[in-house]
Amino acid sequence: MRPVVETLRVRVPATSGNLGPGFDCLGMAHGIYDEVDATLIAGTSTVEILGEGQDELPTDDSHLIVRAMQRGFEFAGMPNAGVRMTCRNSISQSRGLGSSAAAVVAGLTLAAGFAGRPEAFGKAEVLTLATEFEGHPDNAAPAVYGGAVIAWSESGRAHAASLDIHPELRTTLLVPREVLSTATARAALPVSVPHVDAAFNAARTALLVHALAKDVDLLYEATRDRLHQEYRSASMPATAEVLDALRAAGWPAVVSGAGPSILVLDELDPHTCRILESRGFAVTTPGLGRGAHIVD
């Protein structure tokens, strides 16, 4: 099968996984995007990186977007091809904003676009293939579908359901200078947790789904967590300190994904923003993001 087109551009959003209590099952897309131009070529792939990660990420076939695209070609029954790619990256790397999920979803979305078979290679297939790379779907799902989602896996397939969002919901992202690898953050988690803590989080996750859609006044209580944030605090002390201060002041703040960025499900006041910026956090109010899409 030959590609339908030779050149495409895709845009894919930053994401936050977990949203506090919804460990590995809730996620949200933000209005911050990586944009990728890709042209199929004969021979070895080349990648130009502009912006985030430009001095750190590989520029050959080992780049995650290229690897994901090749997996997509395999799924679609297309021959492997080289690609000439330009990545304009705005998503911070290793800060809990889904940069790896964005790369995987970008590559798979490009492969689906080149295949030109939406009936056989749609969002559901992109999500399942992305979860093969990610291991869990809470970042991949909002990167694919946009907005806020519930995500789960069953019998080797990943699934997602989009959540209704209250029109008054606002978000603030706090991005520190420090980085933290997902592997390090995962290693801090215990093998098991007390039943009472699991029940606590189950209740708060259900409440969060309701609060996001119907009652933003419940977001503070709905974002309480006992499964992962406290266990990870020693690996990101500056984040833990700011998170505790924000919650003590009544803000519905959570660690974004594995951290160390912080997501506040509200718009912070200017005074608080200035304090956080003085402590080295970049403060943005990105709004909800659109899922990965081919740019016309």
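The values are calculated or read from the model by the stated rules, or taken from the named source; none is laboratory data. Please read all numbers here as calculations on a predicted model, not as lab measurements. When we count neighbours, we look across all protein chains shown, and the Cβ atoms used for this are built from the backbone with ideal geometry, even at glycine. Note: areas computed on protein heavy atoms with side chains; ligands, DNA, RNA excluded. Shrake-Rupley method; radii C 1.70, N 1.55, O 1.52, S 1.80 Å.
Odds and ends about this structure:
- Modelled spin-label separation between E74 and V191, with each label point placed 7 Å from Cα along the Cα-to-Cβ direction: 3.2 nm.
- The stretch 134-214 - charge dipole about Cα centre, Lys and Arg +1 at Cβ, Asp and Glu -1, debye rounded to 20: 100 debye
- Ellipsoid equivalent to the stretch 210-269 - semi-axes via the Cα gyration tensor, in Å: 20, 12, 9
- Listed residues A14, T172, T128: farthest to the positive end of the dipole of the chain (Cβ charges): T128
- Annotation: per residue accessible area for the chain equals 43 Å², rounded to a whole number [probe 1.4 Å, protein chains only].
- Whole-number D in µm²/s for the stretch 125-178 (Stokes-Einstein; Kirkwood sum over Cα pairs; 20 °C, 1.002 mPa s): 172 µm²/s
- Per residue, the convex hull volume that the Cα atoms of the chain enclose (Å³): 129 Å³
- S278 paired with D296, simple spin-label distance in nm, labels 7 Å along Cα-to-beta-carbon: 4.9 nm
- Put simply, the stretch 201-240 fits an ellipsoid with semi-axes of 24, 11, 6 Å; these come from the alpha carbon gyration tensor as the roots of five times its eigenvalues, largest first.
- FRET efficiency, R9 to H166 (Cβ-Cβ, R0 25 Å, nearest 0.05): 0.15
- Ellipsoid fit via the Cα gyration tensor, the stretch 29-122: semi-axes of 22, 16, 10 Å, each the root of five times an eigenvalue, largest first.
- Rounded percent of accessible protein surface that carbon and sulfur make up, the stretch 194-249, 1.4 Å probe: 59 percent
- Point-charge dipole on Cβ atoms (K/R +1, D/E -1) for the stretch 205-296, about Cα centre, debye to 20: 200 debye
- The simple Förster model, with R0 at 22 Å and r as the Cβ-Cβ distance, assigns R157 and R117 a FRET efficiency of 0.75.
- Temperature 37 °C, viscosity 0.692 mPa s: under these conditions the Stokes-Einstein estimate for the stretch 167-296, based on its Kirkwood radius over C-alpha pairs, is 208 µm² per second.
- Cα centroid of the stretch 252-296 to Cα centroid of the stretch 198-249, whole Å: 15 Å
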